[in-house]
Amino acid sequence: MPSETVHGANTPAPRTVLRGARLLDARGDHGVRDLWLEGGRVEGFDLEGPAELELDASGLLATPAFIDPHMHLRVPGQEEKEDLASGLAAAAAGGYGTVVSMANTDPVVDDPAIVRALVEEAAALGLTRLRPAAALSMGLRGEQLADYAALQEAGAVMITDDGIPVADSHLQRRACEYAVELGLVVQTHSEDPSLRRDGVMHEGRASHTLGLPGNPDSAEAIMVFRDCEISLLTGARVHIAHVSSERGLRVVRWFKEQGVPVTCEVTPHHLTLTDTVWESFDPVFKVAPPLREASDVAYLREALRRGVVDCIGSDHAPHTRAEKDRDVLTAPFGLPNIEVAFPLLYTKLVIPGEITLPTLLNLMQAGPARVLGWPEPTLEPGAPADVALIDLESERPVDPASFKSKARFSPWDGEPLRGWPKLTLVGGRLAFRS
Ligand code: DOR
């Protein structure tokens, strides 16, 4: 993106008109209209008068920018993997207006000063909005609760030790009791560490054939069950991150049917890849929880249609190329995906008719907003001018070399996709333009 097209965080948002886009939001399809934005908010449709910025959006979809409840930004301490500028530029390129960053950094986000610094430094960039999650336990050690009141006061919107499952059920209970008092959502990385052990991939036919250590889906189902029971016990809003298996998702569904206040997300990779990719022995596919079997992918997709899944969480987890080039046993878990999330799901799920476009948008807009207790993103006058313009027609292959993320590799390298974001406005300012 040419730098002169980016309006920095300190400049006022210009009065802008997006001409001739098809406007679609949670309230429905508003047809092809001109969308006017002023002062960082939606002004209205088909207005008149002078615009400081006029953009031809004909043939494009205009929709509220996406919300990611689950992104790894690696700040502080692991900036060689990702920093705020690269991660938030990647998010903007993916059409995201707001992301929640995880706390498994170095040092861990268990200190209000770190939360404050993240919020301030991110705001100064004028890219995608950053809302940090804070650690559930000090140092993610699973021993002592962090000070949630102080972390929330500093700007934390979620509590989670994501990356490391909370093994101690009593600590999880106390975390939930504390979070309830503050109205905070507790996100869980639900895998039983004593059962997943050193598994690098899903335990099943493929792991047996390849002779690689497996991680069974029961490790997920057992921990999802515990985390849902603790939600029931405490009344806490528990959000189960990256549910990957049929068995895990069946448990969430069962608790939801009983009115327990649990929510869940699934990721773009668990919806589109299976454990057979491991035939390549390529650590790019090494992710926690692991890629499962075709029947799990089918169940996850069916759950999107049934409304069991609340939202898509990217779990964008950047690592350096050198780390991912190690052998499969020692390479780190995690893959980058925030720049391809929408085109991938649009191409693989919406175009073949597995889910509708409004369902996908709901999972990336109103769904995550509801999980976090935020207002529903719309294009109504007065709503924040966080808008993505998307080209649903042109096909382009995934080109990791062009990623804004520092993690310039991808499980979908070279795959032709449709649905690429062309422009992302955050608070009425250009955060991305292709
Ligand atoms: O694959 C993963 N990578 N899963 C996680 O939960 C953590 C993440 C990371 O931080 O790299």
Query - Filter pass, A146 being buried (at least 20 other Cβ atoms within 10 Å of the Cβ) and at pLDDT 95 or above - result: yes
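Evaluate the following for G428: is it on the phi > 0 side of the Ramachandran plot and in contact with an Asp or Glu (Cβ under 9 Å, 6 or more places away or on another chain)?
yes
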Query raised in the report: Among the residues of region 203-216, is there at least one that is acidic (D, E), in contact with a Gly (Cβ under 9 Å, 6 or more places away or on another chain) and assigned to a strand (DSSP E or B)?
Result: no
Query raised in the report: For region 27-41, how many residues meet the condition of being over 21 Å from A366 (Cβ atoms) and either touching a Pro at 6+ places or on another chain (Cβ under 8 Å) or among the polar types (S, T, N, Q) (or both)?
Result: 1
**Report entry** Check on S231, open to solvent by 30 Å² or more (accessible area, probe 1.4 Å), of a type outside the set (F, W, Y), in contact (Cβ under 8 Å) with a residue 24 or more places away in the chain and more than 26 Å from W412 (Cα to Cα)
**Finding:** no
Requested in this report: Filter region 174-203 down to the residues that are small (G, A, S) and over 19 Å from T267 (Cβ atoms), then identify the one that is farthest from the ligand (Cβ to nearest atom).
Outcome: G183
Query raised in the report: Mind checking which pairs have a first residue in region 251-267 that is closer than 18 Å to H189 by Cα and a second that is in a strand (DSSP E or B) and open to solvent by 50 Å² or more (accessible area, probe 1.4 Å), Cβ under 8 Å, 6 or more apart or different chains?
Result: none
Requested in this report: For region 144-156, indicate whether the set of residues that are within 16 Å of the ligand (Cβ to nearest atom), out of contact with any strand residue (DSSP E or B) (no Cβ under 6 Å at 6 or more places or on another chain) and acidic (D, E) is non-empty.
Outcome: no
Query raised in the report: From the list L273, L291, which residue is touching a residue at least 60 places away in the same chain (Cβ under 8 Å) and either open to solvent by 10 Å² or more (accessible area, probe 1.4 Å) or not hydrophobic (A, V, I, L, M, F, W, C) (or both)?
Result: L273
Report summary line: Filtering region 382-416 for residues that are assigned to a strand (DSSP E or B) and of a type outside the set (V, I, T) leaves a count of 11
Report task. Just name the residue that is nearest to P352 (Cα to Cα) out of those in region 236-284 that are within 15 Å of the ligand (Cβ to nearest atom) and polar (S, T, N, Q). Result -> T267
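In the set P384, P397, P377, P352, which member is away from the ligand (no atom under 16 Å from the Cβ), within 18 Å of the chain's Cα centre (by Cα), open to solvent by 10 Å² or more (accessible area, probe 1.4 Å) and more than 24 Å from G77 (Cα to Cα)?
P377
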Query raised in the report: When only residues in region 300-337 that are under 16 Å from the mean Cα position of the chain (by Cα) and of a type in the set (D, E, K, R) count, which is most open to solvent (accessible area, probe 1.4 Å)?
Result: D310
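The values are calculated or read from the model by the stated rules, or taken from the named source; none is laboratory data. Since we're looking at a predicted model, the values are computed, not measured. Cβ sites come from the backbone with ideal geometry, for glycine too, and all protein chains shown count toward neighbours. Ligands, DNA and RNA are excluded from the accessible area calculation, which covers all protein heavy atoms including side chains. Shrake-Rupley method; radii C 1.70, N 1.55, O 1.52, S 1.80 Å.
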